[in-house]
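As structure tokens, the structure follows; a few thoughts come after it.
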Amino acid sequence: MFKKKSVVPNKALFVSFLALFLLVVPALSSAKAYSGGGEEKGATDFILHHVVDDHVWHFFDGEYGTLYLPIILYSEDRGVEVFSSHHFYDEHHEKVAYNGYELGEDGHIAALDAGRHAMDFSITKNTAMLILTMIVLSFIALRAASHYKKNPKSAPKGVASFLEPIIIYVRDEIAKPNIGKKYEKFMPYLLTLFFFIWLGNLLGLIPGASNLTGNIAVTFVLAVFTFIATNVNGNKEYWKHVFATPGVPKPLLLIMVPVEFIGLFTKPFSLMVRLFVAITAGHIVILSLIGLVFIFQSHAVGVASTIMVIFINMIELLVATIQAYVFTLFSAMYIGAAVADHDHH
Amino acid sequence: MIAADLLSPGLGLIVYQAIGFLVLLFILGKFAWKPILGALKEREDSIESALLSAEQAKNEMQALQADNEKLLAEARVERDSILKEAIATATSIKESAKEETSKITARMIEDAKAAIEIEKKAALTDVKNQVAVLSLEITEKLLRKQLADQKAQKELIDGFVKDLNLN
């Protein structure tokens, strides 16, 4: 019996070491690429490079370490153009112009001809990550759903037993208390929102993965959806509260109405910024700690940094969940304020 | 430069994210969340109704038990009253029987007394009659003996005639 017990911790230990190894090594290898000249400049570039979107997906150095993603451009004179981003790099991985376009320092594609303009619909690193997140989430959720379809009244099993407490939590702790009676209508939105952000945050923590939920375009779109869900469903009392706040003297309305009106936009704006900042900041902290190793070039700093990186990663796991919860919670609160029956006024 | 890079959203990503999220919302909403939430609700409802019916059954059981006890108590009371009545009836029957018996006895005694009286009277009459017959016979025998000679007859007639004369 004693022997049997000791097998499990060994396995767990092995897995955690493996995870640690996978966590640190790719980050170190890519950091090396930037540590050639001007170390501090290299470090900031390396950090930024890992946080922002890109047209290539860099896993590790070498010939096969980079995935060149497709470029899709639309311009009025040339229509839709599709080609591989490989064309922007020569054999030494230096940037070159191609087909009248060049890849800027900031990763945006610009036409060489100053008079031309092309819209960039490329499958970027984050777009690829988005598709991956969608596939993984759909797979998990549909697997869970199939359990309920097959045996609706039995206790959950497998994936379903993993999802069920979270779904019940979102329903009972987020939707019901904040939205009230009409919560059922918004459950699919809130669940999709929660799981998308949560899974996006978690997948973003995998070394080599892309910082999807820490991208402002992604958080912008999610915030816009909450904005639409809130204001499309806003009832009479909600709008009355904005444009003719009850119980406020007429002269004060001159101030209150603009404030309330701006409030309509600041609410989703805060959602957008909060998620973007929380996730991006976490990534920057981890990458900075790794970057320290290459600036100081010392074993002691290496050991200390590694310990700190592991620690921050643990915190990031927590932050990933908290941010998903907060975004969903605030969305539910905004929607709740829009659909609530204000009988207490 | 850092801020510019971080804060400039890519047009492509905005479009793909919007489309992607809507697709995800549609697929998951229709094929995942709806059946899951439906099943959860159904299960919760069935558990709740099961609990409710269990509670109801318990209450019914208790009511039944109370009913039974009431019935039992009623039965006991009824039994007692029946017993009491039976005892009373028995007593009264015994009582009336006793009375009847004594009445019959009294009447029988009365009858017997009357019969005895009648018999006595009859016997006395008989005795009287026999005494009369016997006295007649004796008188006859005596007369016959006394009036056997003439002298005696003459004396008697004289006696009668003397009585007649005197009067």
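Here are some notes:
- Matching residues, the stretch A:64-89, being at pLDDT 80 or above, within 27 Å of A:T44 (Cα to Cα) and loosely packed, with under 14 Cβ neighbours inside 10 Å: A:L67
- Selection count where residues are surrounded by fewer than 13 Cβ atoms within 10 Å (Cβ to Cβ) and at the interface with chain A (Cβ under 7 Å from one of its Cβ atoms), scope the stretch B:24-47: 1
- Hey, A:V259 out of contact with any Phe, Trp or Tyr (no Cβ under 8 Å at 6 or more places or on another chain), at negative phi and within 14 Å of chain B (Cβ to nearest Cβ) or not: no
- A search for C-beta distances below 6 Å between a residue of the stretch A:218-239 that is assigned by TED's automatic domain parsing to the domain that holds A:T280 and any residue that is small (G, A, S), counting only pairs 6+ apart in sequence or on different chains, returns A:V221/B:A18; A:T226/A:S331; A:T230/A:A338; A:N233/A:A338; A:G234/A:A338; A:Y238/A:A338.
- For A:T127: the one exception among (1) β-branched (V, I, T); (2) over 23 Å from A:L202 (Cβ atoms); (3) within 9 Å of chain B (Cβ to nearest Cβ): (2)
- Residue check for A:K153: open to solvent by 30 Å² or more (accessible area, probe 1.4 Å), more than 15 Å from A:F327 (Cβ to Cβ) and away from chain B (no Cβ under 13 Å): no
- In the stretch A:130-139, the residues that are within 9 Å of another protein chain (Cβ to nearest Cβ) and open to solvent by 40 Å² or more (accessible area, probe 1.4 Å): A:I131
- Being at pLDDT below 85 and either among the hydroxyl-bearing types (S, T, Y) or buried (at least 20 other Cβ atoms within 10 Å of the Cβ) (or both) is a description that does not apply to A:T213.
- Only a single item in (1) touching a helix residue (DSSP H, G or I) at 6+ places or on another chain (Cβ under 6 Å); (2) closer than 25 Å to A:A320 by Cα; (3) open to solvent by 60 Å² or more (accessible area, probe 1.4 Å); (4) within 14 Å of chain B (Cβ to nearest Cβ) is not met by A:P165, and it is number (1).
- Filter result for A:L199 (facing chain B (nearest Cβ under 9 Å), within 30 Å of B:E44 (Cα to Cα), touching a helix residue (DSSP H, G or I) at 6+ places or on another chain (Cβ under 9 Å) and touching a residue at least 24 places away in the same chain (Cβ under 8 Å)): no
- Check on A:M119, among the aliphatic types (A, V, I, L, M), within 14 Å of another protein chain (Cβ to nearest Cβ) and open to solvent by 70 Å² or more (accessible area, probe 1.4 Å): yes
- Test: residue in the stretch B:48-67 that is within 14 Å of chain A (Cβ to nearest Cβ) and open to solvent by 80 Å² or more (accessible area, probe 1.4 Å): yes
The values are calculated or read from the model by the stated rules, or taken from the named source; none is laboratory data. On a predicted model such as this, the values are computed, not experimentally measured, just so you know. With ideal geometry, Cβ positions are generated from the backbone for all residues, glycine too; neighbour counts draw on all protein chains shown. Just so you know, the surface numbers come from the protein's heavy atoms only, side chains and all, with ligands and any DNA or RNA stripped out. Shrake-Rupley method; radii C 1.70, N 1.55, O 1.52, S 1.80 Å.
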